[in-house]
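As structure tokens, the structure follows; a few thoughts come after it.
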Amino acid sequence: MKKEIKSSGPADSEIILGILNDSKEILNRLYVTYFPMVLQLVLNNSGNEDDAKDVFQESVIVLYNKVKSGNFELNSKLKTFIYSVSRRLWLKRLNAQSKTLRNIEDFSEFIPVEDDLERHEEKDRQFRVMELALNQLGEPCKTIIEDYYLQSKSMQEICEKFGYTNADNAKTQKYKCLQRLKKLFFQA
Amino acid sequence: MMKSDIELTNQIDAYLRGELTDSEIADFEKKRVEDPAFDIKVVEQQNLVLHLTDYADRMKLSSEMNAIHETLDIYDLKNQVAPEAPLIRRMWKKYRINTAIAATVALIAVSGTLLSTGYFSKTISTNVSLLRREINSIKKSQNALIKNINDKPNKGPVNPGQFGGTGFALSSNGYVVTNYHVVQGADSLYVQNSEGEAFKAKMIYIDPTYDLAVLQITDPAFKDLDILPYTFKKTVSDVGEDVFTIGFPRDDQVFGKGYLSSKNGYAGDTVAYQVSIPVNPGNSGGPLLDNRGNIIGIINGKQTQVDGAAFAIKSTYILKSIEAIPQDSLDEKLIISKRNSLSGLSRKDQFKKLEPFVYMVKVY
């Protein structure tokens, strides 16, 4: 193992709490503290800074999903978790590009994270399907769905925004849009 | 049927959003138990909304992370964590102090001798050195050493030697400007970008009076660059202005920062500026830029006995030279960029944007 990058970041428990509270401040500190570690890993194992960015951001997504689903136990350091996930993701990518490393140069200890990555892959697949479905949905459906289900806008607001003459028309439209999305998503 | 379906969907939405009253919820739950088809509908809709919010959460997280990423100084971070340099550089690191001491001793000895013989007072007129770099100088001195040992008659170098300087793009379609003295007497020319890719180039115009040369990249592997981020300043810049340059005094791009110290060059030369900036052999032909990212000149020499006095041909002469090239003699039109996308950026971002447009000129 080579020199480790010193990181005097926030405490792990502070980060976990921040993730649960959607704290932007914590995300920022998490990023600033741990990105250099992943950058070091990727740069020293035949990747560039863009690869490092992708791998690190994906690891943070894995962490967020894990924490938010309530099964993050602090039996390993957060740093170790992020490093291990990034390491695994990067090795997979290298493999996919049929570039194999004779031996990976490591900068931190790591733990097995196969289960987490399996869960992540499934989630990632669903994310892509939803992305595709929303793109195929078209307007005004996409905006109506986003306004109602994501922005939690009322039917009254949507009715005014789209200039429907009465709330019933808006409801019918929303129903049709949801049916289409359902079809696109579940049948993909 | 359709009408009731719409009603059901709305009811499920209201249930999922917590908009139902207690008695309505009780009815709803009861219906779920009694009617499995309805229950499936609820679960399905709930699932879909869950996937939808997951999607939105991840999009939000990604965009927040990208915003944070933008604020990082990647260059600085890379320097901290970049891979170990190859053997030669490691050896250089290891032995550079020894080398520096040896060099200092040599320097003191030489300058002491020169000083005592009154050398400095005689050589004012040859005080300007042009900053092209002899790439093979180390190899050649080694060769010379071997020859001495073998005691063979010295016939002079067979290889004319390789020289290097800097050049920068005039347009995105492969025109590059550098100094005349860099490419003077060249058998063949290559330009090499920051990624280390070398392209064959030819000289299409020289202007020895202003020490300028325009090259065209003729290599089929060359692909057009993005739109140039800089423009050429048409007026004279003010003394005291902050300036910077990028050059190839070694095989990597090196950034140098300084200020404009005089409106005229060496011995009152009105074609050039005097610039207080660290430059070395290899910097010749490098762009000199002001804070807003305008090209104000092209580095071409420095005063040998004065620290930090470099010279740069003013940008107006570059423009004059370009105008003097007969356009119909060119394969492709040479159009100078009129849009500047560097102003307002931090120095490091300016450097990043400039990187692909500055070349090492290799002369064989």
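The values are calculated or read from the model by the stated rules, or taken from the named source; none is laboratory data. Source: prediction; values computed, not measured. Virtual Cβ from ideal backbone geometry, glycine too; neighbours counted across all protein chains shown.
General observations
- Test: residue in the stretch B:57-66 that is at pLDDT 90 or above and more than 30 Å from residue B:13 (Cβ to Cβ): yes
- Residue tally, condition surrounded by 18 or more Cβ atoms within 10 Å (Cβ to Cβ) and not polar (S, T, N, Q), over the stretch B:312-350: 8
- Long-range neighbours under 8 Å by Cβ, at least six apart or interchain, first residue without any contact (Cβ under 8 Å) to a residue 12 or more places away in the chain within the stretch B:45-73, second loosely packed, with under 14 Cβ neighbours inside 10 Å: B:48/A:186; B:55/A:131; B:64/A:24
- Whether a residue is in a helix (DSSP H, G or I) and among the β-branched types (Val, Ile, Thr) was assessed, and residue A:165 does not pass this test.
- Any hit, the stretch A:165-184, residues being more than 20 Å from residue B:15 (Cβ to Cβ), more than 12 Å from every other protein chain (Cβ to nearest Cβ) and surrounded by 14 or more Cβ atoms within 10 Å (Cβ to Cβ): no
- Subset of the stretch B:259-276 (residues that are surrounded by fewer than 24 Cβ atoms within 10 Å (Cβ to Cβ) and modelled with pLDDT of 85 or more): B:259, B:260, B:261, B:262, B:263, B:264, B:270, B:271, B:274, B:276
- Looking across A:182, A:153, one residue alone is more than 17 Å from residue B:46 (Cβ to Cβ) and of a type in the set (Lys, Arg). It is A:153.
- Scope the stretch B:5-58; condition under 54 Å from the mean Cα position of the chain (by Cα), more than 9 Å from chain A (Cβ to nearest Cβ) and closer than 26 Å to residue A:168 by Cβ; matching residues: B:46
- Failed condition for residue B:322, given (1) in a helix (DSSP H, G or I); (2) at pLDDT 90 or above: (2)
- If the condition is being out of contact with any Phe, Trp or Tyr (no Cβ under 9 Å at 6 or more places or on another chain) and assigned to a helix (DSSP H, G or I), then the stretch B:17-28 contributes B:22, B:23, B:26, B:27.
- Of the numbered criteria (1) out of contact with any Asp or Glu (no Cβ under 8 Å at 6 or more places or on another chain); (2) part of a helix (DSSP H, G or I), the one residue B:56 fails is (1).
- Filtered residues of the stretch B:202-228 (kept if in contact with a helix residue (DSSP H, G or I) (Cβ under 9 Å, 6 or more places away or on another chain), in a loop (DSSP other than H, G, I, E, B) and surrounded by fewer than 20 Cβ atoms within 10 Å (Cβ to Cβ)): B:225, B:226
- Test: residue in the stretch B:282-291 that is free of Cβ contacts under 8 Å to residues at least 40 places away in the same chain and assigned to a strand (DSSP E or B): no
- Residue in the stretch B:192-201 that is touching a helix residue (DSSP H, G or I) at 6+ places or on another chain (Cβ under 9 Å), on the phi < 0 side of the Ramachandran plot and surrounded by fewer than 16 Cβ atoms within 10 Å (Cβ to Cβ) present: yes
- Among (1) modelled with pLDDT of 85 or more; (2) over 30 Å from residue A:160 (Cα atoms); (3) away from chain B (no Cβ under 11 Å); (4) surrounded by 14 or more Cβ atoms within 10 Å (Cβ to Cβ) - the single one residue A:122 does not satisfy: (4)
- Looking across the stretch B:298-310, just one residue is at pLDDT 90 or above and closer than 12 Å to residue B:258 by Cβ, and that is B:299.
- The stretch A:27-79: number of residues that are more than 22 Å from residue B:72 (Cβ to Cβ) and either of a type in the set (Asp, Glu) or facing chain B (nearest Cβ under 9 Å) (or both): 3
- Boolean, residue B:106 is at pLDDT 75 or above, farther than 30 Å from residue A:29 by Cβ and either loosely packed, with under 11 Cβ neighbours inside 10 Å or of a type outside the set (S, T, N, Q) (or both): yes
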